[in-house]
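The values are calculated or read from the model by the stated rules, or taken from the named source; none is laboratory data. Just so it is clear, the structure is predicted and the values come from calculations on it, not from any experiment. Neighbour counts are summed over all protein chains in view; Cβ atoms, including those assigned to glycine, are modelled from backbone coordinates with ideal geometry. Surface accessibility is based on the protein's heavy atoms, side chains included, excluding ligands, DNA and RNA. Shrake-Rupley method; radii C 1.70, N 1.55, O 1.52, S 1.80 Å.
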Amino acid sequence: MHINWGTGIVIAIALFMSFILYFVVKVQSNSKYDNELVVEEYYKQDAHYQDEINQLQNAHDLSHQPTFDQTAKGITVTFPSEFDFTKLTGELSLYRPSNKKLDFEMPISLTNSNPSLLIPKTRLVGGRWDITLHWQYEGKEYMTKETVYIN
């Protein structure tokens, strides 16, 4: 049987397309290659981006900002002593870029005797965590972002 050059080109293109389609199907069906969005409702969040910039600027303008310290128990978020902690409200969001299932949020609950918030190490797996601290104090909104690497 003799194959001419036109038939050979068609067979080569068909094999190449099959090769590419095999890997597309493999990546889409394997949970190891999870293709998640960073945010589910991107455009809705983007509409409030200027508010986020204003909140970041409000936090930046403070004389003392919240600090993030790694301890043996986890990550400790300490607020400046100039605040009345009973009037401070908000939430702490932890985002794991590599796995959406590990993301979680914590409400901020502080007392004057304990001006810090502990994120337990038991909830944190090793790797990169993006922490967003969003809080309100006396009608003004603040936001602080921090990237932490856990060993």
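By how many degrees, 0 to 90 and rounded to 10, does the Cα axis of helix 49-60 deviate from the longest principal axis of the chain?
In the chain, helix 49-60 runs at an angle near 40 degrees to the longest axis.
Using the heavy atoms of the protein chains alone and a 1.4 angstrom probe, what is the accessible area of the chain per residue in square angstrom?
Ligands and nucleic acids excluded, the figure is 71 Å² per residue.
In degrees between 0 and 90, to the nearest 10, how far off the longest principal axis of the chain does helix 5-29 point, with axes built from Cα atoms?
Computed tilt is about 30 degrees.
At a Förster radius of 22 Å, what calculated FRET efficiency corresponds to the Cβ-Cβ distance of residue 89 and residue 118, to the nearest 0.05?
According to the calculation, E is roughly 0.80.
Please compare each pair in 44/121; 100/121; 101/145; 32/145; 100/145; 32/73 to a cut-off of 23 Å on the Cα-Cα distance and tell me which ones are over it.
44/121; 32/145; 32/73
On the accessible surface of the chain, probed at 1.4 Å, how many percent belong to carbon and sulfur atoms?
It is 57 percent, rounded to a whole number.
Once fully extended, how much extra length lies between residue 148 and residue 5, figured as 0.36 nm per residue of separation less the alpha-carbon to alpha-carbon distance?
So the extension gain works out to 45.6 nm.
If a/c stays under 1.5 just call it rounded; otherwise compare a/b with b/c (prolate if a/b is bigger, oblate if not). Do that for region 42-151, with a ≥ b ≥ c from the square roots of the Cα gyration tensor eigenvalues.
oblate
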